[in-house]
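To keep things clear, I will list the structure first and then write my remarks on it.
The values are calculated or read from the model by the stated rules, or taken from the named source; none is laboratory data. What you see is a predicted model, and the numbers here were worked out from it, not measured in a lab. Please note: Cβ atoms are built from the backbone with ideal geometry, for glycine as well, and neighbour counts cover all protein chains shown. SASA here: full protein model, heavy atoms, side chains in, ligands and nucleic acids out. Shrake-Rupley method; radii C 1.70, N 1.55, O 1.52, S 1.80 Å.
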Amino acid sequence: MVSDAPASLTDPSPTPLAFGEQILVLADRLAEWSEQPTGLTCTYLSQPHRAVATQLRDWMRVSGMSVQTDAVANVVGRYASDDPAAKTLIVGSHYDTVRNAGNYDGRLGIIAGMVVIDHLHRAGRRLPFHVELIAFSEEEGVRFSKPFIGSSPVAGRFDPAILELRDAAGFRLGDLMREVGLDPDGIPALKRDPANLLGYLELHIEQGPVLLEENLPVGIVSAINGAVRQVITVTGTAGHAGTVPMTMRHDAATAAAEMVLVVERRCVATPALVGTVGQLAVPSGAINVIPGRCQLSLDIRAGDDATRDMALADIHAEIGRIAVRRGVSVEHQETLRMPAVACAPRLRELLSGAVARAGVRPFSLTSGAGHDAMMFHGITDIGMLFVRCGNGGISHNPLETVTTEDADVAARVLLDTLINMSGR
Ligand SMILES: [Zn+2]
């Protein structure tokens, strides 16, 4: 288990890479609490999850923040401005993990925020706004199949029906909260007043290969991709694999195969558009039967909804032509439609300036994955900084890596951003 909180988070006379080294050491220490003997699993309100919350609380206190654990187990550190009437900037990310996770997803943003505030605190430097560093308790949706249990109440988007959900072992979420000393009745009060917010900033590992490909330590997120998911059912004519001549078949699976390639072809043609057929099934198929039905899933995402919907329309037009040519019918059912979330130009510019001052070429990219930041869209301005992910960009996996150098650049960019942000 992890030892006691250190007296100081950063070296009093910072050496080059001091931020980066601290961040990696602290992330490794948090990763020692896990639900499995090897590998990192830390799901909502598990014993290791509560231990991580306690450790974060101790570290935030040492870093000069006043700290509270709120009604959904978010750990909230407040670094107050000298001006009590100042607005509040939220800096956040999550401390829960997927099963068999990497050490940096979510936690990198919390720890980077912590070492930066620790640095300000030790330098005796206050900001013209309050900073709330929020370690969100739940983002991944692993235990209760519902993500954003941590950030949604803070953004005023919590759905009380979630309290009725049960985990795989049958525990009801509302009961579990009470059992570990949380107060679900306090959830509505977690909502922040948008009028008091200056914005929301999140630093997160990229979880993809784009920055690696660009050879850049950090990138500025322009938008979080919106997604549409559909299930497409192709119906042809089942028949005997031995007796029906090839020219007389209406094979649902070969039609679907062509459709999969349409998705790939259309999405490859537009940058920042991604389309995936992740499920392909021949219901009650058999080795000696021509497939009469085939089901395929479609997940399509882009940084703006118009680009995504145009691609979707093209894909459906082409699927329709394939269906006519092959004598099959097609139906589709939409299972999810989430709008893209644009990052605020003001925060993007601020981050770009800080990246340039760190000696790095400012580069923008969209986020293919969802993040806590999405919850704050429409509530306050959001900004996100991505940090390069090693090992080909692999994440949600123990092979996820961040280098000391990249973590250091990211923390310096965050510090610069805070210093150059005005209080209005
Ligand atoms: Zn994450």
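Below is a table of values for the structure above.
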item	result
Selection within segment 290-324 - of a type in the set (V, I, T) and out of contact with any Cys (no Cβ under 8 Å at 6 or more places or on another chain)	I290, T307, I315, I319, I322, V324
Filtered residue count, segment 373-406, keeping only those that are open to solvent by 20 Å² or more (accessible area, probe 1.4 Å), over 20 Å from P339 (Cα atoms) and either part of a helix (DSSP H, G or I) or hydroxyl-bearing (S, T, Y) (or both)	7
Residue list for segment 127-145, restricted to those being within 12 Å of the ligand (Cβ to nearest atom), over 20 Å from G170 (Cα atoms) and in a loop (DSSP other than H, G, I, E, B)	E139
Conditions (1) under 30 Å from T41 (Cα atoms); (2) open to solvent by less than 10 Å² (accessible area, probe 1.4 Å): number failed by V409	(2)
Selection count where residues are crowded, with 17+ Cβ neighbours inside 10 Å and not aromatic (F, W, Y), scope segment 147-164	10
Restricting segment 350-372 to residues that are part of a helix (DSSP H, G or I) and open to solvent by less than 40 Å² (accessible area, probe 1.4 Å), the residue that is farthest from the ligand (Cβ to nearest atom)	G353
Residues of segment 115-131 classified as open to solvent by less than 20 Å² (accessible area, probe 1.4 Å) and farther than 14 Å from A407 by Cβ, total	7
Condition check for V262: part of a strand (DSSP E or B), touching a residue at least 12 places away in the same chain (Cβ under 8 Å) and touching a helix residue (DSSP H, G or I) at 6+ places or on another chain (Cβ under 9 Å)	no
Single residue of S329, S284 found to be of a type in the set (S, T, Y), in contact with a helix residue (DSSP H, G or I) (Cβ under 8 Å, 6 or more places away or on another chain) and open to solvent by 50 Å² or more (accessible area, probe 1.4 Å)	S329
Criterion (modelled with pLDDT of 95 or more and either over 21 Å from M65 (Cβ atoms) or surrounded by fewer than 21 Cβ atoms within 10 Å (Cβ to Cβ) (or both)) met by exactly one of A112, A86, A135	A86
Test for L176: is it within 16 Å of the ligand (Cβ to nearest atom) and in contact with a Leu (Cβ under 8 Å, 6 or more places away or on another chain)	no
Residue ID - most open to solvent (accessible area, probe 1.4 Å), chosen from residues in segment 182-215 that are among the small types (G, A, S) and in contact (Cβ under 8 Å) with a residue 60 or more places away in the chain	A189
Test: residue in segment 411-421 that is of a type in the set (D, E) and farther than 13 Å from E202 by Cα	yes
Matching strands (runs of 3 or more DSSP E) fully within segment 27-103 where at least 1 residues are of a type in the set (D, E, K, R)	75-79
So A168, is it part of a loop (DSSP other than H, G, I, E, B), at pLDDT below 95 and closer than 26 Å to R107 by Cα	yes
Filter result for A101 (more than 16 Å from the ligand (Cβ to nearest atom) and either surrounded by fewer than 18 Cβ atoms within 10 Å (Cβ to Cβ) or not acidic (D, E) (or both))	no
Strands (runs of 3 or more DSSP E) fully within segment 177-245 counting 2 or more residues that are more than 26 Å from the chain's Cα centre (by Cα)	226-235
Of residues in segment 336-349 being in contact with a His (Cβ under 9 Å, 6 or more places away or on another chain) and open to solvent by 50 Å² or more (accessible area, probe 1.4 Å), the one nearest to L296 (Cα to Cα)	P339
Cβ pairs under 8 Å, 6+ apart, first in segment 374-402 and farther than 20 Å from V154 by Cβ, second open to solvent by 30 Å² or more (accessible area, probe 1.4 Å) and among the β-branched types (V, I, T)	R388/T403; C389/T401; G390/T401; G390/T403; N391/T401; G393/V210; E400/I394
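Okay, residues lined up against (1) surrounded by 15 or more Cβ atoms within 10 Å (Cβ to Cβ); (2) in contact (Cβ under 8 Å) with a residue 60 or more places away in the chain:
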{"position": "Q295", "(1), (2)": "yes, yes"}
{"position": "R301", "(1), (2)": "yes, yes"}
{"position": "D309", "(1), (2)": "yes, yes"}
{"position": "H316", "(1), (2)": "yes, no"}
{"position": "E334", "(1), (2)": "no, yes"}
